[in-house]
Structure formats: structure tokens, C-alpha cells
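Since the structure comes first, as C-alpha cells, the remarks are kept for the end.
The values are calculated or read from the model by the stated rules, or taken from the named source; none is laboratory data. Computed from a prediction, not measured in an experiment: that's the story for all the values here. Because the Cβ atoms are built from the backbone with ideal geometry, glycine has one as well, and the counts that use them run over all protein chains shown. Areas reflect the complete protein model, heavy atoms only, side chains present, ligands, DNA and RNA absent. Shrake-Rupley method; radii C 1.70, N 1.55, O 1.52, S 1.80 Å.
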Amino acid sequence: MDTTGLTTTVDEAGLAVFARHIAVLLSPRDTIRLEGDLGAGKTTFARHVIAALSPHEVEVASPTFAIAHTYDTTLGPLAHFDLYRLGGVDDLIELGFEETLASHVSLIEWPGCADALLPADALTLRLSVADDPGQRMVVASGGGAWAKRLDRLTQRLALIERAGWAKAWIERLPGDASVRRYDRLLRPPANLCAAPASALLMDAPRATDGPKLEDGRTYSQIAHLAESVSAFTAVGEALRGFGLSTPALYGIDDAAGVLLIEDFGASVFQTLYQEAGAPDQERLVLAAVDALVALRASPPPTDLPIPGRLDGQRHRLARYDADALAIEVDLLPTWYAPMAGLDLSADAIAAYRALWAPLIEGLQQEPDHWVLRDVHSPNLLWLPEREAPADVGFIDFQDAVRGPAAYDLVSLLQDARCTVPAYIEARALAAYIAGANAKPNANANVNAGAADAPQPSATFNEAAFRASYAVLGGQRACKILGIFARLAKRDGKPQYLRHLPRLWAYLDRNLTHPALAELKAWCDTHVPASAREPETLNPAGENRFASR
């Protein structure tokens, strides 16, 4: 089995920092072997890992005489073992050691007598006193998943050190549907001075979504999804130049896909919508609308410079073309329908695609604007200390394209994760239209896009915009219904199914527009009400509608 490792020499404070870097990479049921002589720092290291994973302050006792202590952590149960006094494997079997390994994160001091029972892909940490008695040498090695994790840790630590954050503590942040992960770095108080107190480590290794399809491209390539952090840095810098708030860049490793970026804090719209005493939902939504109106005044280019790149390479800002829009709406018959037990015929799927074709073609005739694609409550932060439109922080924009302006407004006002009441949607839509009407020719005769891209009109056509809004609302709802089904089925994340009633409610709002009359008829025929509820879906794949 392939193994990899890293070696570092640290003082007492550095050992605590390193332990926390290991902690944020842990997964449930991981095992860590802690090797080294007496006084090498094994228990100290274990204490810092446990403290990092504990949701509350916890006193970590030495397990020398009790043999093991257990703790409740954010990863589930954790067991801290000291096997120094045990005689052999038989004693461990009597203690239920194997069962504990199968259900707990396990930190094991003096693991030698347990070698026969330990998983092959355990992480091994060997600690020893360095030449300077105040220093400890730590050698980390591991195979399986840990080989990749240690390689990644090496890249993360290198960027953090180059950016001047080597002494910062790190804490895990909760993830979402994305493959990206974020961790927060916190500077020790003595190091604050005028520097930021915290930063975010964005870990986004280059990746594509799925295998190659019939035309030789992957889903992410057809849908124009970002495959590297270059898109994030390039688009972020451009948006900041327009007066919007995107995270400043503190450190970049473009090749590895690791960034150190500005921390906007914890005032996420998704949380504030539900907190008593927070700014009311309508106020926050209207602030985001103001930011989108401001963005509307800045025409999108076809390419952007990439920060930190010295080779002149630029990021291409693709058009939200027909192929991208079509493969997204196809997620409904491809992923949602099978999970709902709907046995759609070839004719039904063909009819669905045929009714979408002219709608998508109509969208292609609209002028190019910025489309950030993920303007919704989990990706927006309230920054009231900044002047509008910078009082809304954007953190997810790497998939930006050129396309219909209404798309981001739909993302905001038909939020997949938080309900936006119809009256707020109506007022916010009216506010956007008023803002666009105030500057109807902001992009007129200016298009930095492709020569054949539709040119902006000198006047704002409200009826056409409302029709585009409804069509894009239908497109986005069909897409996300499929995405959430895919997350449940393929990625083992059934929690996203709880959002389905909200998405169907949004889709029903959009289907009232005459432009979507055919889609409404298709949905009424092929997706009955019984197939629109979370409890009727089965991520395991069993057809629960077979007898219906």
C-alpha cells in the first residue's frame, strides 16, 4: 500500500497548532497511532486534538490508569487509549477494542500491542525530543486515504507559512454540497496588531464532475463549472473592482487549489433569516438586489486576468449557452424521476426536452450580463459596516458566466434552502425592475463579449424581463430538484431532500406564467403530487411507486 508522510519540528505552541491541523482533516472512525518515548508529547498532542473536536470546553484526562477515556465530539464518539500497561491482544479483545475502533475516532498511545487489530490505513504520528529540549520532532505517515490527506496537509501548511499565518490556530467549518472545504484560521492575540484576526483557508483541488459523456465532455465542462481556483480568484478580483464585496486574497497556490482569503465572519443570510433580532429578511434581500442592480451596470468581458499568474494565462468567462442550460434541466428526468419511482418513457423525456428547446433558445437571444449562478442565502454575508452595494459579501461565484440578467435574481428570490415568501419576492422583483429602469442603457452599445453575443437594448423591457425571470425560475427549479436527488443518491446526502416542497412551490409560482404553459402540462401529467414529497423518495433506489 502506498504511504506518504511529512516531518516537522515544533515547540509547545507549534505542537498545539499542528494537532489542530490534523484534527480538521479527521473523519469519523479514523485511527491515529501515537508513538514515541515517555515525555515525547503524545498525551499533549491527543489533548489538543480532542479540544479541537469538542463542541464545548472539555477537560482531557490522561488515560494511563483508566486505559481509555471517551468523548463526544463533532465527529461523533472519540476514544483516547493508553496501552502502556496492557499485556497483549487478548486483553484488548476483552475490552471490546475492535468494536470501539469500528465506531469511534481512536487516538492510541503505545499502540504496539494492538498492531494486529489496527486498520492498515491508520495515521501514525511518531514524536521525539529534538536536539533542543523545548522542541519536538513529529513524523506523520499513513497509507490509504491518509496518504492523500498528508500530501494535502503539506500543501496547506506551505501556503499558510508563506502567507504569514503559521502560528494561527485552525478550526473546521461545516461543509455543504460543494466538494470545496473551508477552515478558519485565528491569529493569537499577541500577533493581531493591525493584521486581520482571522482568515479562511479554501481547499479546492482541481476536479471535474462525472465521467465523459457522449460528446467527450464531462458534465462540469458542458455546464461551465469551475474546475480550478483560478476562476474564483479571477472573478472575485473583477467583482471587487466593480464595488462589490468579495474576499480579499492573502495567499494563492493556484496549482494545488489552496487559497487563504478574507473572512467575512458569520453573518450569513441563511442564518440571519431565522434569527430573532437579526435584520429582517426583506431588508437583507433588498440589499442583495441593490448589489445585483449595481452589477448589472458592468458589462461582462470574455476573459479575465488571473491573480498570481505570471504566464499571462487568463480565465475565460463562458456564455451560459444552450448546452449548459439543457444539461441542467435534464437533471430532473435523469436523477429526480428515478428516485421518485417515475418510469418516464422515452417519448415523455423527448417531449420534456422538446418543450425546453425553444425556451432555452429564447434565453440565448438575451443580452449578456454577469451571471454568478449561486446568489442565495448560504453564499451571502451581511457586512453592515460597509456602504452599499458592498454591504453584501459574495463568497461563491467561481462558476460565473455571461448570460441572462434574471438568473441571479431568481437564485436570490427563489432560494432553494430558505423560503422567500411570495410577497417579498414580488417587492424585491419590483425593486430590481425599478433599479434597471433607472439606468436602462447601462450596457447599451457596450459588450466586451463575443462578437455574436446579443447586444443590450437601450431600453428596459419589463414584460420581457418578467418572462425571462419565470423561464429561468423554471429552469433553476428543475435543475436543483435533480441536483438534490443526485446528492441524496450518488453522494449519500439525503438531508437535501427536505428542501423539495419549497422547490416545487417555487416551480408552481413560475408555471403560472404563460411562457411555461407546456411545462406545467408536462409536470401535471408526468410528476403527480405523490412524487413531489421527500418521504416518497428513496435514495437507495427501490421503486416505491412500482405498484401505483
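Could you count how many residues in the stretch 243-265 are assigned to a strand (DSSP E or B) and either under 17 Å from residue 390 (Cβ atoms) or among the hydroxyl-bearing types (Ser, Thr, Tyr) (or both)?
Here is the first cut: in the stretch 243-265, the ones assigned to a strand (DSSP E or B) are 245, 249-253, 258-262.
With either under 17 Å from residue 390 (Cβ atoms) or among the hydroxyl-bearing types (Ser, Thr, Tyr) (or both) added as a condition, the list becomes 245, 249-250, 261-262.
Residues flagged as assigned to a strand (DSSP E or B) and either under 17 Å from residue 390 (Cβ atoms) or among the hydroxyl-bearing types (Ser, Thr, Tyr) (or both) within the stretch 243-265 amount to 5.
Flag: residue 106 does not match the condition of being open to solvent by 10 Å² or more (accessible area, probe 1.4 Å), over 27 Å from the mean Cα position of the chain (by Cα) and in contact (Cβ under 8 Å) with a residue 60 or more places away in the chain.
Of 58, 49, which residue is modelled with pLDDT under 95 and among the aliphatic types (A, V, I, L, M)? Walk me through how you get there before you give the answer.
Numbers: 49 fails: modelled with pLDDT under 95.
Of 58, 49, the one residue that is modelled with pLDDT under 95 and among the aliphatic types (A, V, I, L, M) is 58.
Restricting attention to the stretch 212-226 and to residues that are of a type in the set (Gly, Ala, Ser) and under 18 Å from residue 401 (Cα atoms), the residue that is most open to solvent (accessible area, probe 1.4 Å) turns out to be 226.
Filter the stretch 183-211 for residues that are within 20 Å of the chain's Cα centre (by Cα) and open to solvent by 60 Å² or more (accessible area, probe 1.4 Å); which is modelled with the lowest pLDDT? First the steps, then the outcome.
First, pick out the residues of the stretch 183-211 that are within 20 Å of the chain's Cα centre (by Cα): 183-185, 198-210.
Filter again for open to solvent by 60 Å² or more (accessible area, probe 1.4 Å), leaving 205-206, 208.
Working: 205: 87, 206: 83, 208: 65.
So the residue we want is 208.
Cβ-Cβ below 7 Å, separation at least six or inter-chain, first residue in the stretch 6-19 and more than 17 Å from residue 133 (Cβ to Cβ), second open to solvent by 20 Å² or more (accessible area, probe 1.4 Å) and charged (D, E, K, R): which pairs? Here the result reads 17/167, each pair linking the stretch 6-19 to a residue that is open to solvent by 20 Å² or more (accessible area, probe 1.4 Å) and charged (D, E, K, R).
Tell me, which helices (runs of 4 or more DSSP H) wholly within the stretch 345-457 include 2 or more residues that are under 30 Å from residue 262 (Cβ atoms) and at pLDDT 95 or above?
Values: elements: 346-364, 406-413, 422-438.
Answer list for the stretch 345-457: 406-413, 422-438.
I'd like to know if the stretch 227-242 contains one or more residues that are more than 18 Å from the chain's Cα centre (by Cα), closer than 30 Å to residue 285 by Cβ and part of a loop (DSSP other than H, G, I, E, B). Yes, because at least one residue in the stretch 227-242 is more than 18 Å from the chain's Cα centre (by Cα), closer than 30 Å to residue 285 by Cβ and part of a loop (DSSP other than H, G, I, E, B).
Exactly one residue among 258, 329, 293, 289 is modelled with pLDDT of 95 or more, buried (at least 21 other Cβ atoms within 10 Å of the Cβ), closer than 30 Å to residue 538 by Cα and not aromatic (Phe, Trp, Tyr), and that residue is 329. Within the stretch 54-71, if we keep just the residues that are in contact with a strand residue (DSSP E or B) (Cβ under 8 Å, 6 or more places away or on another chain) and not hydrophobic (A, V, I, L, M, F, W, C), the residue that is most open to solvent (accessible area, probe 1.4 Å) turns out to be 70. Scanning the stretch 12-28 for residues that are of a type in the set (D, E, K, R) and either modelled with pLDDT of 95 or more or buried (at least 21 other Cβ atoms within 10 Å of the Cβ) (or both) turns up just one, 20. On the basis of being farther than 25 Å from residue 529 by Cα, open to solvent by less than 60 Å² (accessible area, probe 1.4 Å) and touching a strand residue (DSSP E or B) at 6+ places or on another chain (Cβ under 7 Å), does residue 304 make the cut? Answer is yes for this residue.
Annotation: of all residues in the stretch 315-324 being in contact with a strand residue (DSSP E or B) (Cβ under 6 Å, 6 or more places away or on another chain) and not in a strand (DSSP E or B), the one that is surrounded by the fewest Cβ atoms within 10 Å (Cβ to Cβ) is 318. Residue 165 falls short on exactly one of the conditions (1) assigned to a loop (DSSP other than H, G, I, E, B); (2) within 19 Å of residue 48 (Cβ to Cβ); (3) out of contact with any helix residue (DSSP H, G or I) (no Cβ under 7 Å at 6 or more places or on another chain); (4) open to solvent by 30 Å² or more (accessible area, probe 1.4 Å), and that condition is (4).
For the stretch 110-121, which residues satisfy the criterion of being within 35 Å of the chain's Cα centre (by Cα) and either buried (at least 22 other Cβ atoms within 10 Å of the Cβ) or closer than 17 Å to residue 67 by Cβ (or both)?
Of the stretch 110-121, the ones within 35 Å of the chain's Cα centre (by Cα) are 118-121.
Scanning the stretch 110-121 gives a single hit, 118.
Condition check: modelled with pLDDT of 90 or more, at negative phi and exposed (fewer than 15 other Cβ atoms within 10 Å of the Cβ). Does residue 79 satisfy that? Spell out how you get there, then give the answer.
On the way: modelled with pLDDT of 90 or more: yes; at negative phi: yes; exposed (fewer than 15 other Cβ atoms within 10 Å of the Cβ): no.
So residue 79 does not fit the description; no.
The set of residues in the stretch 100-117 being in contact with a helix residue (DSSP H, G or I) (Cβ under 8 Å, 6 or more places away or on another chain) and farther than 21 Å from residue 19 by Cα consists of 113, 114, 116, 117.
Out of 214, 171, I need the residue that is at pLDDT below 95, of a type outside the set (Ser, Thr, Tyr) and within 23 Å of residue 123 (Cα to Cα). Which one?
Numbers: 214 fails: within 23 Å of residue 123 (Cα to Cα).
Checking each option against the conditions leaves just 171.
Filtering the stretch 304-326 to residues that are at pLDDT below 95 and under 26 Å from residue 526 (Cβ atoms) leaves nothing.
The residues on offer are 341, 312, and the sole one that is crowded, with 16+ Cβ neighbours inside 10 Å and in a loop (DSSP other than H, G, I, E, B) is 341. Residue count for the stretch 46-103, restricted to those that are closer than 18 Å to residue 25 by Cα and of a type in the set (Lys, Arg): 1.
Out of everything in the stretch 523-548 that is modelled with pLDDT of 80 or more and of a type in the set (A, V, I, L, M), what residue ends up being surrounded by the fewest Cβ atoms within 10 Å (Cβ to Cβ)?
Step one: filter the stretch 523-548 for residues modelled with pLDDT of 80 or more, giving 523-534.
From the residues that got through so far, the ones that are of a type in the set (A, V, I, L, M) too are 527, 529, 531.
Values: 527: 20, 529: 9, 531: 19.
In this case the residue turns out to be 529.
One residue stands out among those in the stretch 92-101 that are of a type in the set (A, V, I, L, M, F, W, C) and open to solvent by less than 70 Å² (accessible area, probe 1.4 Å): the one that is modelled with the highest pLDDT, which is 101.
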